[in-house]
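These notes are about the structure you will find just below.
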Amino acid sequence: MAGEEGKPLRRISEAFEGLAETVSSKTAAVEVGPFSRACSRVSVLFGCLGIAFKFAEMDYVSKVEDLSEASKSISTLHSLLDLDVQKNCVRQAGSHSRNLLRVKRGLDMVKVLFEQILASEGNSLKNPASVAYAEVFAPHHGWAIRKAVAAGMYALPTKAQLLKKLNEDEASAKVQMQNYIRASAPVILYIEELFHSRNLGIDW
């Protein structure tokens, strides 16, 4: 088991493969507990990216913790949104719905980051990380945060350093990144549809 514990990338992709199965079954709703546990495994990735994504790591971790706490009294993501709609607090700071949307963006950023890493040559993560940030987070951030992130991009680890931290070689990392990209896509879409189907939108 120690070997698996030391393979965070594998644990992430396996957790999302489980969620993707639930989504594709069309019969079972995604439960808050398993969802928050899967998301908590992604936190390590933000930590590995250094200062550029420190704000994202702190924000993401706190939002996942909120969802984990919510899972003690709320069973599914459907119910979580419906309760906030009833209380008219969907967009309020600290609401579970708002936190779910922020966590979804974190999952999306990692997906785009992996896609960019797999598509890029060389050892630098600056371009993959810059593209992922610009596509997912930048539209929702003010000038000060965007500037801080841009400065932090110069302190990113190299791809080789990242893989070493994740205890993977190039070939095994490629497989796990592809697995996460494939498994996370329907899960991200599922969450977006939860918001769209209630006319809540996702660009806020």
Quiz item: So what's the back-of-envelope 222 nm ellipticity for the chain, counting only DSSP H runs of four-plus at -39500 (n - 2.57) apiece and dividing by all residues, rounded to 500?
Solution: -21500 deg cm²/dmol
Quiz item: What is the dipole size for region 1-121, taken about its Cα centre, with +1 at each Lys and Arg Cβ and -1 at each Asp and Glu Cβ, in debye to the nearest 20?
Solution: 260
Practice problem: Between S62 and E192, take the C-beta separation as r, use R0 = 22 Å, and let me know the FRET efficiency to the nearest 0.05. | Solution: 0.50
Quiz item: Taking only Cα atoms, what is the 0 to 90° angle, nearest 10, from helix 96-119's long axis to the longest principal axis of the chain?
Solution: 30
Quiz prompt | [x] 34, 17, 13; [y] 42, 24, 14; [z] 28, 21, 14, with the label sought being that of the calculated semi-axes √(5λ) of the Cα gyration tensor in Å | solution = [z]
Exercise. For the chain, find the longest principal axis of its Cα atoms and tell me its angle to the long axis of helix 8-25, 0 to 90°, nearest 10.
Key: 40
Quiz item: Which sequence of I181, I145, I51, I12 reflects their accessible areas, 1.4 Å probe, from the largest down?
Solution: I51, I145, I181, I12
Exercise. Please calculate how many Å² of accessible area the chain carries per residue, with a 1.4 Å probe and no DNA, RNA or ligand atoms counted.
Key: 49
Self-check item: Nonlocal amide H pairs with T76, under 5 Å, H built at 1.01 Å
Solution: V32
Quiz prompt | Using alpha-carbon coordinates, inclination of helix 170-196 to the longest axis of the chain, degrees | solution = 20
Quiz item: So which of K72/K126; K104/K164; K26/K87; K87/K165; K104/K165 end up more than 32 Å apart, counting from Cα to Cα?
Solution: K72/K126; K87/K165
Quiz item: Which one of V136, G6, Q178 is farthest out on the positive end of the charge dipole of the chain, using unit charges on Cβ (Lys, Arg +1; Asp, Glu -1) and the Cα centre as origin?
Solution: V136
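The values are calculated or read from the model by the stated rules, or taken from the named source; none is laboratory data. None of these values were measured; they are calculated from a predicted model. As a convention, Cβ positions derive from the backbone with ideal geometry for all residues, glycine included, and neighbour counts pool all protein chains shown. Calculation scope for accessible area: heavy atoms of the full protein, side chains included, ligands and nucleic acids excluded. Shrake-Rupley method; radii C 1.70, N 1.55, O 1.52, S 1.80 Å.
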